[in-house]
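S.K.: What follows is a single structure, and I will ask about it in a moment.
The values are calculated or read from the model by the stated rules, or taken from the named source; none is laboratory data. The model shown is predicted, which means the values in this text are computed figures rather than measured ones. Note that we place each Cβ from the backbone using ideal geometry, even for glycine, and neighbour counts take in every protein chain shown. Accessible surface is based on the protein model in full, side chains and every heavy atom, while ligands, DNA and RNA are left aside. Shrake-Rupley method; radii C 1.70, N 1.55, O 1.52, S 1.80 Å.
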Number of protein chains: 2
Amino acid sequence: MLSNSSKYALKAVLYLALHTDEINKIMVKDISERINVPKAYIAKLLQELSKRKIISSTKGPKGGFYLNASNRNETIMQIIEVIDGKKKLESCILGLEDCNEQKPCPIHRLISPSRSKMITLLETKTINDLATDLELNKTFLPV
Amino acid sequence: MLSNSSKYALKAVLYLALHTDEINKIMVKDISERINVPKAYIAKLLQELSKRKIISSTKGPKGGFYLNASNRNETIMQIIEVIDGKKKLESCILGLEDCNEQKPCPIHRLISPSRSKMITLLETKTINDLATDLELNKTFLPV
DNA sequence: ATAAAAACATGATATTAATCATATTTAAGA
DNA sequence: TCTTAAATATGATTAATATCATGTTTTTAT
Ligand code: FES
Ligand code: FES
């Protein structure tokens with residue numbers, strides 16, 4: 001469903017949501033340790049997210065990664081899109097070129113409603129929404 | 001979501017459902033051509049499915065692969081399980097060791113109901129069900 | 001100005017999944 | 001019973017992901 005890279009990216013961004021802001025930044029070494037993902041690997045992902053303005057960063061001493069208010073309103077899907085590309089979730093489950101109601105493959109109707117629901121949720125929920133759940137201990141983000 | 005291998009396997013089994021029985025078998029070379037999957041690749045998958053009794057086969061001249069009545073009542077999920085393993089669909093989308101309601105990850109509640117629905121359907125629908133839809137032109141299986 | 005600390009850019013290696021190849025076994029038919 | 005046509009078993013190669021490494025640029029503080 002999601003690549004390892006997307007999972008890691010999502011974890012990292014949620015960690016940033018809980019522990020950073022414009023004042024309190026965190027560097028890749030610390031993120032890596034806290035979410036238990038290899039430093040060089042998560043660094044590459046964070047750099048990509050930063051380039052696409054999903055997260056923020058500043059170089060140099062006292063620099064690091066963080067989320068600003070605008071970043072917090074990005075949706076889950078935007079992260080997934082940057083890392084995995086959009087088609088991955090929407091493509092035909094049997095690998096048909098294009099997935100639609102007019103010429104559905106044998107399992108299209110079985111999974112399409114559930115999948116659409118899922119996609120809509122991922123497109124709607126923001127980083128902030130998930131961070132709030134975590135803060136209220138409604139959900140958990142183990143290492 | 002599904003591996004390439006599972007997709008191919010599913011296509012192949014559906015093709016068998018439409019075009020074979022105990023009398024009329026088909027050999028791997030022909031399946032390969034009709035579903036547009038490399039011969040050596042689909043051969044390996046069919047052999048695995050045959051070993052697990054999801055499909056039937058006989059060796060030697062006039063031999064080939066086919067579905068018997070019992071095969072037709074296998075569910076979609078059984079095919080996926082043989083090829084991909086069950087955990088692939090049920091595992092936590094963030095890669096958490098175990099996915100459950102007690103300690104849900106931040107997106108568990110977003111996707112869990114849809115995913116459960118999907119899994120139930122895959123566990124319920126049989127090869128025969130899908131083949132019937134195809135025969136009635138309710139669904140399509142392009143190459 | 002300069003040194004140090006951080007992200008950034010780029011590329012190399014390792015692991016896994018996808019694909020291909022081939023020798024062996026089994027069954028049908030002459 | 002011998003030849004041939006098929007699946008079967010096993011392994012090799014290739015391609016895609018995941019992982020790691022390192023030099024470059026920017027910024028802060030001396
Ligand atoms: S056509 Fe296959 S999932 Fe939509
Ligand atoms: S705990 Fe992550 S999807 Fe269930």
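S.K.: Does residue A:69 satisfy being among the small types (Gly, Ala, Ser) and without any contact (Cβ under 8 Å) to a residue 12 or more places away in the chain?
M.R.: yes
S.K.: Can you confirm whether segment B:79-88 contains a residue that is within 11 Å of chain A (Cβ to nearest Cβ) and either more than 13 Å from the chain's Cα centre (by Cα) or part of a loop (DSSP other than H, G, I, E, B) (or both)?
M.R.: yes
S.K.: Inside segment B:47-78, can you point out the residues that are open to solvent by 80 Å² or more (accessible area, probe 1.4 Å) and not in a helix (DSSP H, G or I)?
M.R.: Of everything in segment B:47-78, those that are open to solvent by 80 Å² or more (accessible area, probe 1.4 Å) and not in a helix (DSSP H, G or I) turn out to be B:52, B:53, B:59, B:61, B:62, B:73.
S.K.: Hey, another quick one. I need the full set of residues from segment A:97-143 which are in a loop (DSSP other than H, G, I, E, B), among the aliphatic types (A, V, I, L, M) and surrounded by 12 or more Cβ atoms within 10 Å (Cβ to Cβ), in order please.
M.R.: A:107, A:141 - these are the residues of segment A:97-143 that are in a loop (DSSP other than H, G, I, E, B), among the aliphatic types (A, V, I, L, M) and surrounded by 12 or more Cβ atoms within 10 Å (Cβ to Cβ).
S.K.: Is it true that residue B:11 is open to solvent by 20 Å² or more (accessible area, probe 1.4 Å) and within 30 Å of residue B:93 (Cα to Cα)?
M.R.: yes
S.K.: Quick check: is even one residue across segment B:94-112 at pLDDT below 95, near DNA strand D (Cβ under 10 Å from one of its atoms), more than 8 Å from chain A (Cβ to nearest Cβ) and on the phi > 0 side of the Ramachandran plot?
M.R.: No; the residues of segment B:94-112 include none that is at pLDDT below 95, near DNA strand D (Cβ under 10 Å from one of its atoms), more than 8 Å from chain A (Cβ to nearest Cβ) and on the phi > 0 side of the Ramachandran plot.
S.K.: Still on this structure, I have one more. Taking segment A:13-46 as the region of interest, how many residues are in a helix (DSSP H, G or I) and either more than 23 Å from residue A:87 (Cβ to Cβ) or more than 11 Å from DNA strand C (Cβ to nearest atom) (or both)?
M.R.: Adding up the residues that qualify gives 21.
S.K.: Can you say whether residue B:30 is open to solvent by less than 70 Å² (accessible area, probe 1.4 Å), of a type in the set (D, E, K, R) and more than 12 Å from the chain's Cα centre (by Cα), as far as the supplied structure shows?
M.R.: yes
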